[in-house]
1. Name the residue, out of Val235, Val35, Val149, whose mean-square fluctuation peaks in a Gaussian network model built on the chain with Cα pairs under 10 Å.
2. With labels modelled as points extended 7 Å from the Cα through the Cβ direction, what inter-label distance (nm, one decimal) is found for Ala110 paired with Arg246?
3. Please get the size of the charge dipole for the chain, origin at its Cα centre, with Cβ charges of +1 on Lys and Arg and -1 on Asp and Glu, quoted in debye to the nearest 20.
4. May I ask you to compute the full-extension gain from Leu257 to His212, defined as 0.36 nm times their residue separation minus their alpha-carbon distance, rounded to one decimal in nm?
5. Subtracting the Cα-Cα distance from 0.36 nm times the residue separation, let me have the gained length for Ser223 to Ala289 in nm, one decimal.
6. Work out the charge dipole of the range 159-215 with +1 on the Cβ of Lys and Arg and -1 on the Cβ of Asp and Glu about the Cα centre, then indicate which of Pro202, Ala166, His179 is farthest towards its positive end.
7. Select from the chain the helices, each a whole stretch of DSSP H, whose alpha-carbon atoms run 18 Å or more along the helix axis and whose Kyte-Doolittle mean is at least 0.0; answer none if there are none.
8. How much net charge surrounds Ala240 when only other residues with a Cβ under 13 Å from its Cβ are counted (Lys, Arg +1; Asp, Glu -1)?
Amino acid sequence: MRAVWYDRQGSAQDVLTVGELPDPEPGAAEVRVRVRLSAVNPGDTKKRRGWLGSSMPFPRVIPHSDGVGVIDKVGDGVDASRLGQRVWVYGAQSYRPFGTAAEYVTVPDALALELPEPVSDELGACLGIPGITAHRAVFADGPVGGATVVVHGVLGAVGSLAAQIATWGGARVIGTVRHQHDVDLARRLPLSGVVALDDDDPVNSIRSAAPHGVDRIIEVSLSDNVDLDAAIAKVGAVIAAYATGRDRPDIPFWPMLFQNITIRLLGSDDFPASAKRQAATDLTTMAAAGALTIPVAPPLPLEHTAEAHDRVDAGSRRRIVVAVDA
């Protein structure tokens, strides 16, 4: 099969190899997927370059955890009716060496979900890591029906999905963007309000939209926003953080203590299996209902995977995917 892999960490241009590898065979309770599109996430590029001193988890890695394709083989214990199903895949390279940047990938049966026909390959390929992270951020602390939720970085991959998921869950959602010139772009999402963090007084702007305070905060940069978060939170609010600007953020301890604020930290590889399954089910339902929008750049060919990684590292606002079967 054609595949992209790396045997050492470093820059995309230096370490990614495109070539031929043996076709994988599904093991017990696994399926093999002929990949159409492979989505690139920031986590994929961080693993490749050894972010935070991480080392090679396996001697050889085929990157990317997310993708879309068709099941062409099943292992022992998997119903043969799955053959020929169009599926979206998540977790392919989570604690496993070989991901979706290849013509074939094998994954546990439960990690390949049938993709309803109205849903595009591009959307299906991009549901995995950001969608499951967003779902967990929204629902880890219970339902959000009737709640007010602030989603920081609402134009990002996780943030935009979190806003759509929270709205689907019955919340009133206020999104934030970094700059005033992004406000109109954010208004394309299902939001009750948008606040630019470079406003003169973003706390007052959010308070004006949520005078009784905020129940949940989805946080893309805990270190940068924690003072603002403490100022807008209700007593008992939850800050669900999946990223931070500084590795060791300071927090306004006493104000947050008296408000009984919970800080939930989210590492997607280690979410409970039940939470991942529920997220995958809900994401599929939302996609089929037309309740999810993800901006995706035109697919790059497999041979340009290094360029795809560089685009992700450069902060592309559109999701980056690689066309494996082009």
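None of the figures in this text is laboratory data; all of them are computed from the coordinates on show. All values derive from a computational prediction rather than experimental measurement. In this analysis, Cβ positions are derived from the backbone assuming ideal geometry, glycine residues included, and neighbour counts consider all displayed protein chains.
1. Judging by the Gaussian network model, the answer is Val235.
2. Modelled inter-label distance: 4.0 nm.
3. Details: 31 positive and 39 negative charges, 56 e Å.
So the magnitude is around 280 debye.
4. 14.4 nm
5. Taking 0.36 nm per residue and subtracting the Cα distance, the gain is 20.2 nm.
6. Projecting each Cα onto the dipole axis, the largest value belongs to Ala166.
7. Result, helices passing both filters: zero.
8. On the way: positive: Arg136, Arg216, Arg264; negative: Asp141, Asp215, Glu219, Asp229.
My count for the surroundings of Ala240 gives -1.
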